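Trainee: First the structure, then my questions, so here it is.
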Amino acid sequence: MFCPTEIIFSATTACNLHCSHCFVNRDSKKISSEDAVKFLKSAVDAGSSIDRIGFSGGEPFLYLDFILDLTKAALSMDLMFDQI
């Protein structure tokens with residue numbers, strides 16, 4: 001049975017780097033903080049085994065408000081922050 005314990009949010013595809021190994025499309029797509037918090041809450045409310053969140057990208061620090069909003073929401077749900 002598949003029971004994930006972490007959600008990694010790729011909040012934006014924007015990136016200011018040009019890493020040769022990366023295949024992320026560099027554009028301005030973003031997930032809204034509100035939608036991500038709703039998704040996280042639905043996972044917790046459904047009784048999932050999710051106990052932590054992380055961030056990927058694009059470059060997550062280009063969307064700092066998202067990181068702050070999701071980290072605050074995760075803490076309010078007794079979840080841990082794991083990685084960027």
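Trainee: Computed over the Cα atoms, what is the radius of gyration of region 39-84 divided by 2.2 N^0.38 Å, N being its residue count? Don't skip to the answer; put the middle values down first.
Mentor: Working: Rg = 10.8 Å, N = 46, 2.2 N^0.38 = 9.4 Å.
Normalised Cα radius of gyration, region 39-84: 1.15.
Trainee: For P(r) over Cα pairs in 5 Å bins from 0, in percent, which listed value, (1) 3, 14, 26, 30, 20, 7, 1; (2) 3, 12, 19, 27, 22, 13, 3, 0; (3) 3, 15, 26, 22, 15, 11, 6, 1, comes from the coordinates shown?
Mentor: For P(r) over Cα pairs in 5 Å bins from 0, in percent, the calculated option is (3).
Trainee: To the nearest 20 debye, what charge dipole does the chain have about its Cα centre, counting +1 at the Cβ of each Lys and Arg and -1 at the Cβ of each Asp and Glu? Spell out each step's value before the answer.
Mentor: Working: 7 positive and 11 negative charges, 37 e Å.
The dipole magnitude comes to about 180 debye.
Trainee: If you roll a 1.4 angstrom probe over the protein chains with everything in place, what fraction of the accessible area of the chain belongs to carbon and sulfur, to the nearest %?
Mentor: 58
Trainee: If you wrap a convex hull around the C-alpha atoms of region 14-53 and split its volume per residue, what is the figure in Å³?
Mentor: Numbers: hull volume 4.4 nm³, N = 40.
Enclosed volume per residue, from the Cα hull, is 110 Å³.
Trainee: Can you tell me which of SER56, SER20, SER32 moves the most in a GNM of the chain? Springs connect C-alpha atoms under 10 Å apart.
Mentor: For the chain, modelled as a Gaussian network with Cα springs under 10 Å, the answer is SER20.
Trainee: Can you work out the accessible area per residue across the chain, with the rest of the protein chains kept in place, probe 1.4 Å, in square angstrom?
Mentor: Ligands and nucleic acids excluded, the result is 66 Å² per residue.
Trainee: Lys/Arg Cβ at +1, Asp/Glu Cβ at -1, dipole of the chain taken about the Cα centre: which of GLY58, ALA46, THR5 is farthest positive-ward?
Mentor: GLY58
Trainee: Per DSSP helix of 4 or more residues, -39500 (n - 2.57); summed, then divided by the residues of the chain. What does that give at 222 nm, rounded to the nearest 500? Could the numbers behind the result be given before it?
Mentor: Details: 2 runs with 26 residues, N = 84.
It lands at -10000 deg cm²/dmol.
Trainee: Using modelled amide H (1.01 Å from N, peptide plane; none on Pro or chain starts), what sits under 5 Å from the amide H of PHE81, excluding residues fewer than 5 places away?
Mentor: Placed amide hydrogens put ILE53 under 5 Å from PHE81.
The values are calculated or read from the model by the stated rules, or taken from the named source; none is laboratory data. Being a predicted model, the structure only gives us computed values, none of them experimental. Every residue, glycine as well, gets a Cβ built from its backbone with ideal geometry; the counts of neighbours run over all protein chains shown. Quick note on the areas: whole protein, heavy atoms, side chains included, nothing else; ligands and nucleic acids left out. Shrake-Rupley method; radii C 1.70, N 1.55, O 1.52, S 1.80 Å.
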